Amino acid sequence: MEKTVQLKEPKKKLFRYLLKFAKPYTASLFTALFFVIVSTAMELLNPFLVKIAIDEHISGDTIPMVEVSADTKGDILKAGNRYFMRQKPNGETKVIPTYTVETFNGDKYLMSEGKKIQKIDNADYKNYRNHDLNAVTKISIFYLVAIFVNFLASWIVSYTLGKSGANIIYDIRKLTFEHILTQSHTFFNNMPVGKLMTRVTSDTQTLSEFYTNVLITFIADFGLVIGIMFLMLRLDYKLALMIFILVPIIVFISIEFRNRQFKIFRAARTKLSIINTVLNEYLSGMSVIRIFGKENKMDKKFDEKNSDYLNTILHQVRNHAFFRPIIEVIRSLGEAFLIYYGGGKVIQGHIEFGTLFIFITYLKQFFRPIMEMTERYNIMQLAFASVEKIAQILETDTEIKPLTEYNGKIDPEKIGEIEFKNVHFSYVAGEEVIKGISFKVKKGESVAFVGATGAGKTSIISLLARFYDIDSGEITIDGRDIRSFSTDELRRRLGFVLQDVFLFAGDIKYNITLGEEFSNEEIIAASKRVHSHDFIKDLSEGYDTPVQERGSTLSTGQRQLLSFARTILRDPEILILDEATASIDTETEMLIQEGLKELMKDRTSIAIAHRLSTISDTDRIYVMNKGQIVETGNHEELMAMKGYYYRLYQLQLDSNE
C-alpha cells in the first residue's frame, strides 16, 4: 500500500534526517569538532598575545612605576642612586607617587607628573628593557606556534569533513537509489524521470556542502562569536556592552534574511527539478520533435521554464547582495565608534592601547563569522530544500512485499500453473480496469489475450508479475498466492519478451546476461535457439560489440532477437509474450517461430496479441473487452461463434488487403 508522509514540521524533521545520514560518521565528525575548537581557540589567542606584547612590554615605558629598595627582586630600573619597579596590578605597592620613562632628544628620563626627575643611563635602560625584549621574543614564538597549530587543526578539519561528507553523500545516493529500485510501477507512473534524476544527483550533491561547510563549521563560527563576546566583557565590559548594541540589529536582519531565503531556496529546487524533467522528456522524444518540426515550440517552452528558474535565482541574488553590504556597514560603524570612543579613553589613560587594538581586531573577527554563518545558512537552507525532496522519496512507500498471510501449500507436481480468481484491479481508485476476471492456465498450456486497446490485456501480465497489487480476488502460481512470494522469487519464474525492448549501454553480452554469471557456451547456445547468433557474429566485435544508448545502432528486429536470447538464457517456468513479434519483419519472424515453439514446449506461456494471426496455434484464447473476458476458446471455436473475436479478425483481414 502506498504511504506518502507530508512534512508538517519541515525544519525539525529535515534536520533529524540530516543528522541521521551523518550518524555512521559520528566519530569523524566529533574529531573534526575537536579540532575546530582548537582552531577557534588559536584564532582568539593570537590577538590576545599581541595585546599582552603591546600593553605589558612594547609600551613598557608608559606603565607607571613606583620607587623600591635596591634589594627588591624583579625587573628593576636604576636611575642614578634610585630604583624603580612597575606598579603591580594587584595593588601590593603604593600607587602614589608614580613614575614613567620618556625620551627627549634620544635620551631617556625618569618622569613624574610631567617633570623630569632623573636622566637614565643607556646601559641601565637597556638592562631594564632586556626583560621586555625577551618577553616579546617568547610571545612571537607562541604566536608562530599558534599559527602552525591553527593551520594543522584547519587541515585536519578540512580533510575529515571532506572525507566524511563524500562518504555521507555516497550513502545517501545509494540509499535513495536502492529505495527507488524497490518501488512498484505506481511510484514510477506518478514520478517523472527528471525529478528522480534530480533527487539522486543534484539534490544529494547539495547536501555535500552542508556536511563539509555547515554542520561542524557552523558550530565553530557560533563558538567564535561567543568566545569573542566573553573576552570583550572580561577586558572592558562597558566598552563591550556599547558594541553589543549592534547585536540585536544584526539578529533582526539575519532572521529576516533567513526566512526569505528559505522560501526562495525551496522554490528554486522545485523549479530546477521541473527543468530536469522537461529536459529529459524533450531529449527522449527528440525524434518525434524533429519529425513534426516542433523544435522552435519546444525551445520556447523550455525557455519559459528556464526563465522562471532564472528569476527565482536572481531574487535570491538580490537578497544576498543586500545582506553582506549591510553587515559591512554595521561593522564599519562599530569600528568608527571604537576609534572615536576607545581612542579617547586611551588618550585619557582610562584604557590601554592594547585593549583598543584587541577590541578592533575582535570586532572584525566578530562580524566575519556572522557573515559566514549567514553564508552557511544559505547552504543549510538549500540543504533543507534538497533533503525535503529526498525525504519525500524515502517516505513514499509503494514497495511490493511478500505477505505471509497469503501463504499456501505448494504442489511440487505443478510447475507453472496459473489461476486468476475473481480479480478486480484499478490504477485509480473507483475506475476499475480489471472487473472480476477468473481463468486457469495449466502446466505447459499456451494461452493468448486479445482485445481492443484499453481492454486490460497488458494489465493481466502486470498483475501476474505483481508490478501492482490487486484490489480484491486472488492470483496463484502452483496453488500459492503470488502475494506470498518475494518479488525476486516470483519474477525469476517468469520470462518476459516485450514489444518495446530496452538495451543498456555496454556490450551485446551484457545485454543478454544483464550482469549475471553465464558461460560463453550458455550465451551462444541461447542466442542460436532464437537465431540471434547469426547477426551477432557478423558484428565488428561479436558478443563484445559495444551497444549505444537504447541500442540505437541496432535494428528493431535485432533488438527483439536479443530480448529473446535474454529470456531463453534464464529458462523460466512461465513465458510471457507481449506482442513479441510485432516489430519484426516477416522473414525474421519466420526465423524465430521455431525457436519460440521450442521455448514454449512443456512450458506455460501467456501471449498478449494485437495481430490475431500470430496466436492461431495457441491452446486457448481469452477475448477481453472493457476489463472483462467476453469469449473463450481456440481460434476455430471463436471463429465459429462469429462473435467479438470474429469481428476483430475480419477487421484485421480487411485492413491487410
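In the condition set (1) under 30 Å from Phe30 (Cβ atoms); (2) touching a Leu at 6+ places or on another chain (Cβ under 9 Å), Ile226 is compliant with all but (2). Quickly run through the stretch 458-472 and pick out the residues that are farther than 16 Å from Phe187 by Cα and open to solvent by 30 Å² or more (accessible area, probe 1.4 Å). Thr458, Asp471, Ser472, listed by residue number. Listed conditions (1) touching a residue at least 40 places away in the same chain (Cβ under 8 Å); (2) crowded, with 18+ Cβ neighbours inside 10 Å are all met by Ile536, apart from (1).
Does Thr176 satisfy the condition of being crowded, with 16+ Cβ neighbours inside 10 Å, of a type in the set (Ser, Thr, Tyr), assigned to a helix (DSSP H, G or I) and more than 14 Å from the chain's Cα centre (by Cα)? Spell out the reasoning first.
Working: crowded, with 16+ Cβ neighbours inside 10 Å: yes; of a type in the set (Ser, Thr, Tyr): yes; assigned to a helix (DSSP H, G or I): yes; more than 14 Å from the chain's Cα centre (by Cα): no.
So Thr176 fails the test.
Screening Phe504 with (1) of a type outside the set (Val, Ile, Thr); (2) in contact with a Ser or Thr (Cβ under 9 Å, 6 or more places away or on another chain); (3) open to solvent by 20 Å² or more (accessible area, probe 1.4 Å); (4) part of a loop (DSSP other than H, G, I, E, B) gives one miss only, at (2).
Selection within the stretch 406-443: residues that are at positive phi and at pLDDT below 85. The member of this set that is least open to solvent (accessible area, probe 1.4 Å) is Gly416.
Which strands (runs of 3 or more DSSP E) sit wholly inside the stretch 553-657 and have at least 3 residues that are over 30 Å from Ser527 (Cα atoms), at pLDDT 85 or above and not small (Gly, Ala, Ser)?
On the way: elements: 574-578, 604-608, 620-625, 628-633.
Per the criteria, 620-625, 628-633.
Quick one: is Leu333 in contact with a Leu (Cβ under 8 Å, 6 or more places away or on another chain), open to solvent by 70 Å² or more (accessible area, probe 1.4 Å) and under 30 Å from Ile54 (Cβ atoms)?
On the way: in contact with a Leu (Cβ under 8 Å, 6 or more places away or on another chain): yes; open to solvent by 70 Å² or more (accessible area, probe 1.4 Å): yes; under 30 Å from Ile54 (Cβ atoms): yes.
In short, yes.
Looking only at residues of the stretch 569-579 that are closer than 23 Å to His610 by Cα and open to solvent by less than 10 Å² (accessible area, probe 1.4 Å), we find that the one that is nearest to the chain's Cα centre (by Cα) is Ile576.
Looking only at the stretch 505-537, residues that are farther than 17 Å from Gln560 by Cβ and at pLDDT 85 or above come to 15 in all.
The values are calculated or read from the model by the stated rules, or taken from the named source; none is laboratory data. Predicted, not measured: the structure shown is a model, and the values here were computed from it. Note that we place each Cβ from the backbone using ideal geometry, even for glycine, and neighbour counts take in every protein chain shown. The protein model used for the area step is the full one, side chains on, heavy atoms only, and it has no ligands, DNA or RNA in it. Shrake-Rupley method; radii C 1.70, N 1.55, O 1.52, S 1.80 Å.
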